[in-house]
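The structure appears below as structure tokens.
The values are calculated or read from the model by the stated rules, or taken from the named source; none is laboratory data. Just so we're clear, the structure is a prediction, and the values are computed from it rather than from any experiment. Ideal geometry is used to build each Cβ from the backbone, glycine not excepted, and the neighbour counts take in all protein chains shown. What goes into the accessible areas is simple: the full protein's heavy atoms, side chains included, and nothing from ligands, DNA or RNA. Shrake-Rupley method; radii C 1.70, N 1.55, O 1.52, S 1.80 Å.
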Amino acid sequence: MRQEVLLGEEQRAAVAAGLEAWDRESGTERLWRGDATLWTDDGEERWLAWLRATEADADFLTAAERLAREVAASGFTDFVVLGMGGSSLCPEVLGRTFGSLPGHPRPHVLDSTAPAQVAEAERRIDPDRTLFVVSSKSGTTLETALLMEHFRGRLERRLGPEEAARRFVAVTDPGSRLEEIAGEGFRALFHGEPEIGGRFSALSPFGLVPAAIQGLDVARLLARGAEMAAACGPGRGAAANPGVHLGVVLGTLGRRGVDKVTLVPSPGIATLGAWLEQLVAESTGKRGVALIPVDGEPPAPVDRYGSDRLFVRLRLGERPEPELDDRVEELRRAGHPVVSIELRDPYDLAAEFFRWEVATAVAGAVLGINPFDQPDVEAAKVATRALMEVYQRTGSLPAERPFLEEGGLALYADERNAGELLAAAGPGADLGAVLDTHLDRLGPGDYFALLAWLAMTEEHHVELQAIRAAVLRRGGAATCLGYGPRFLHSTGQAHKGGPDRGVFLQVTGARGPELPIPGRGYDLATVLASQARGDHQVLAERGRRLLRVDLGEDPAATLPELRRRIAGS
């Protein structure tokens with residue numbers, strides 16, 4: 001769990017001053033005793049139970065281990081976590097990192113309302129031998145509720161209501177609607193801690209129940225987390241405290257414009273980036289400030305990167321990784337700040353969860369924001385609900401018209417963005433010229449965000465990554481990729497509540513297969529379309545630089561065309 005911070009002279013001096021100020025103001029002690037004045041004094045003390053999450057009680061561990069044995073003995077071959085954001089990302093990290101373990105069901109995570117992605121998830125499992133873990137703190141998360149209703153309806157038709165309910169486990173806060181539903185015969189119910197926010201919940205039942213079902217040693221995970229908690233506790237100076245030191249680095253450099261936290265993980269822990277993306281972006285992106293995590297970005301020549309980058313190397317084990325190590329060393333020699341963190345083995349992920357939770361809380365204090373709220377996430381939900389209400393009343397979403405169509409692609413924007421793009425592109429501009437004009441909006445310190453309302457397939461991902469690479473080569477701006485609706489519960493907060501530094505390209509496509517929701521007057525495709533349009537509406541209302549490209553009914557053919565238009569080849 002070694003951590004090394006490599007900075008230039010001016011940055012090193014600024015961080016040293018920040019560490020000294022943190023100690024002078026007893027920052028670590030105030031963090032651990034829940035002093036809200038460390039941040040904005042706006043109720044932050046109510047969200048600090050994660051500091052003691054590694055002290056899980058014996059009853060929980062016994063129940064989780066008993067469930068894991070029961071599930072394994074019952075012949076389940078797969079289990080699927082239905083959740084969003086903090087309820088899905090930790091299980092995804094552990095599921096992808098550790099994989100399928102002998103004698104235990106294979107882990108899957110489904111956090112999408114894209115019909116094609118839901119259909120693909122169904123093809124990968126045998127419904128009769130699959131357990132579903134429904135994970136939602138509030139118990140009312142739209143996507144989670146719809147996915148639960150979809151799968152429960154299908155199982156009830158096959159097995160009957162009673163046996164279908166036995167294929168479900170719930171993780172939720174006490175008193176939620178999901179708790180009531182789980183009382184209708186679910187195999188098990190686990191309660192979360194109401195004073196732990198979703199993105200800080202990795203070491204709570206939201207992360208640990210799926211880990212137990214997967215066959216991981218939950219006590220060992222908690223021990224690694226507790227080891228880091230002890231290292232981050234009060235009684236040691238900030239420079240010797242790994243979480244506090246990292247947080248001061250993040251916050252101090254972020255205030256100086258070095259706010260694109262670019263992650264360089266070992267392949268074996270690559271999915272840790274998505275968890276970090278949510279934790280950092282949703283926690284810091286508000287009041288016009290943000291740290292923007294850059295996860296999974298294709299590599300570029302060192303001279304393409306701007307001075308707004310902090311590179312974070314996350315190394316798994318001591319085995320040499322020459323390509324990545326040489327790249328990070330080249331970045332350091334070029335003067336870019338680098339933080340290097342080494343995990344001994346995959347169980348150290350629990351330690352990283354805790355280190356980064358502390359670091360994010362500390363960075364929030366340095367940046368002067370409340371890291372535990374998400375004031376702008378609700379705006380997109382409100383816009384989505386309004387659109388779905390229109391659909392339920394009229395049978396269709398409000399009509400919309402592209403301002404330009406060409407080559408199977410259609411461009412949409414709000415009146416302001418469309419007017420600015422057409423005026424800048426010039427009379428008679430074609431689609432390629434408008435795309436170029438949109439990308440020309442990127443300036444120093446800006447970032448490019450691809451908001452893909454598509455199924456997360458390998459085919460789509462390759463093309464979207466190629467678009468990121470082309471934009472990075474073009475001007476050196478940091479690039480991000482988010483899949484809707486999952487990014488709404490992650491980077492969406494920073495896109496809307498952070499500074500006006502993003503240039504957004506929203507990508508939508510075909511409706512996909514019809515997947516109706518029992519008892520509701522709409523299907524998943526309508527939900528996805530409403531979410532995409534709601535997100536577009538809120539970004540436009542915030543004055544963001546925004547363009548939407550619709551790929552039509554055959555994204556497999558038109559997404560490569562979009563990539564060619566952007567890459568110029």
Hey, could you check the stretch 545-569 for residues that are in a loop (DSSP other than H, G, I, E, B) and touching a residue at least 12 places away in the same chain (Cβ under 8 Å) and say which is surrounded by the fewest Cβ atoms within 10 Å (Cβ to Cβ)? G568
Before we move on, is G534 open to solvent by less than 20 Å² (accessible area, probe 1.4 Å) and small (G, A, S)? yes
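Please go through the stretch 31-45 and pick out each residue that is part of a helix (DSSP H, G or I), out of contact with any Pro (no Cβ under 9 Å at 6 or more places or on another chain) and open to solvent by 10 Å² or more (accessible area, probe 1.4 Å). Can you show your working first?
Keep residues of the stretch 31-45 that are part of a helix (DSSP H, G or I), which gives 31-33, 36-38, 44-45.
Now restrict to residues that are out of contact with any Pro (no Cβ under 9 Å at 6 or more places or on another chain): 36-38, 45.
Correct list: T37, L38, E45.
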Answer yes or no: is there a residue in the stretch 496-516 that is at pLDDT below 95, open to solvent by less than 20 Å² (accessible area, probe 1.4 Å) and not basic (K, R). yes
Between a first residue in the stretch 433-444 that is open to solvent by 20 Å² or more (accessible area, probe 1.4 Å) and a second residue that is part of a loop (DSSP other than H, G, I, E, B), which pairs have beta carbons less than 8 Å apart while being 6 or more apart in sequence or on different chains? A433/G426; T437/A429; L442/A477; P444/G306; P444/D308
Go through L203, L208, L216 for me and flag whichever is out of contact with any Cys (no Cβ under 8 Å at 6 or more places or on another chain) and assigned to a helix (DSSP H, G or I). L208
Checking V209 against (1) aliphatic (A, V, I, L, M); (2) under 25 Å from W275 (Cα atoms); (3) out of contact with any strand residue (DSSP E or B) (no Cβ under 9 Å at 6 or more places or on another chain), the condition it does not meet: (3)
Suppose we filter the stretch 201-226 for residues that are touching a helix residue (DSSP H, G or I) at 6+ places or on another chain (Cβ under 6 Å) and surrounded by fewer than 18 Cβ atoms within 10 Å (Cβ to Cβ); how many remain? 1
Would you check if there is a residue in the stretch 363-375 being touching an Asp or Glu at 6+ places or on another chain (Cβ under 9 Å), open to solvent by less than 10 Å² (accessible area, probe 1.4 Å), within 27 Å of L221 (Cβ to Cβ) and assigned to a helix (DSSP H, G or I)? yes
The conditions are (1) assigned to a loop (DSSP other than H, G, I, E, B); (2) open to solvent by 30 Å² or more (accessible area, probe 1.4 Å), and E156 fails exactly one of them. Which is it? (1)
Residues in the stretch 395-414 that are within 30 Å of the chain's Cα centre (by Cα) and exposed (fewer than 13 other Cβ atoms within 10 Å of the Cβ) total 2
For the stretch 81-124, give me each residue that is under 21 Å from F353 (Cβ atoms) and charged (D, E, K, R). E92, R96, D111
How about the stretch 521-560: which of its residues are under 22 Å from G443 (Cα atoms) and small (G, A, S)? A540, G543
Reported set for the stretch 1-41 where residues are basic (K, R) and over 23 Å from V258 (Cβ atoms) is R24, R30, R33
Which of the residues that make up the stretch 3-47 are within 17 Å of F200 (Cβ to Cβ) and hydrophobic (A, V, I, L, M, F, W, C)? L31, W32, A36, L38, W39, W47
L178, sole failed condition from (1) within 22 Å of E55 (Cβ to Cβ); (2) open to solvent by less than 20 Å² (accessible area, probe 1.4 Å); (3) of a type outside the set (F, W, Y): (1)
Out of all the residues in the stretch 366-373, is one or more more than 30 Å from I517 (Cα to Cα), in contact with a Ser or Thr (Cβ under 6 Å, 6 or more places away or on another chain) and among the polar types (S, T, N, Q)? yes
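Kindly indicate which of L94, L67 is within 14 Å of I213 (Cα to Cα), touching a residue at least 40 places away in the same chain (Cβ under 8 Å), assigned to a helix (DSSP H, G or I) and out of contact with any Leu (no Cβ under 7 Å at 6 or more places or on another chain).
On the way: L94 fails: out of contact with any Leu (no Cβ under 7 Å at 6 or more places or on another chain).
Of L94, L67, the one residue that is within 14 Å of I213 (Cα to Cα), touching a residue at least 40 places away in the same chain (Cβ under 8 Å), assigned to a helix (DSSP H, G or I) and out of contact with any Leu (no Cβ under 7 Å at 6 or more places or on another chain) is L67.
Going through G317, G273 one at a time, which residue ends up being open to solvent by less than 50 Å² (accessible area, probe 1.4 Å), within 22 Å of G225 (Cβ to Cβ), at pLDDT below 95 and not aliphatic (A, V, I, L, M)?
Working: G273 fails: at pLDDT below 95.
When all the criteria are applied, what remains is G317.
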